[in-house]
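Here's the structure, in structure tokens; my notes come after.
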Amino acid sequence: MSVYDPLRKELQRRKAETIRLSFSEIEDILRRPLPPSAYRFSAWWGNQTSRKGHTQSMAWLLAGFEARVSLKQRVAEFRRL
């Protein structure tokens, strides 16, 4: 089980084509803080399809979404694939 499973489940639960979440909303879903790299590097939010990719990207990809991020606004937008 990944620490990002709660995010995957939340995305799967929602029916919207696009879901916009602030970093703090994501942290509330996860019940833990995002790592510092999530705040500093847009690559952390990359949509890597490899199982060797980041566990966080597997959460939204398995839920059927791709992520885009605004580090300045501290917002992630998840778009249905």
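The values are calculated or read from the model by the stated rules, or taken from the named source; none is laboratory data. Predicted model only: the values in this text are computed from it and were never measured. In this analysis, Cβ positions are derived from the backbone assuming ideal geometry, glycine residues included, and neighbour counts consider all displayed protein chains.
Structure data summary
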| item | result |
| --- | --- |
| Residues (under 16 Å from residue 45 (Cβ atoms) and over 12 Å from the mean Cα position of the chain (by Cα)) located in region 3-20 | 18 |
| Looking only at region 1-53, and only at residues there that are over 16 Å from residue 78 (Cα atoms), of a type in the set (Ser, Thr, Tyr) and out of contact with any helix residue (DSSP H, G or I) (no Cβ under 6 Å at 6 or more places or on another chain), the one that is modelled with the lowest pLDDT | 50 |
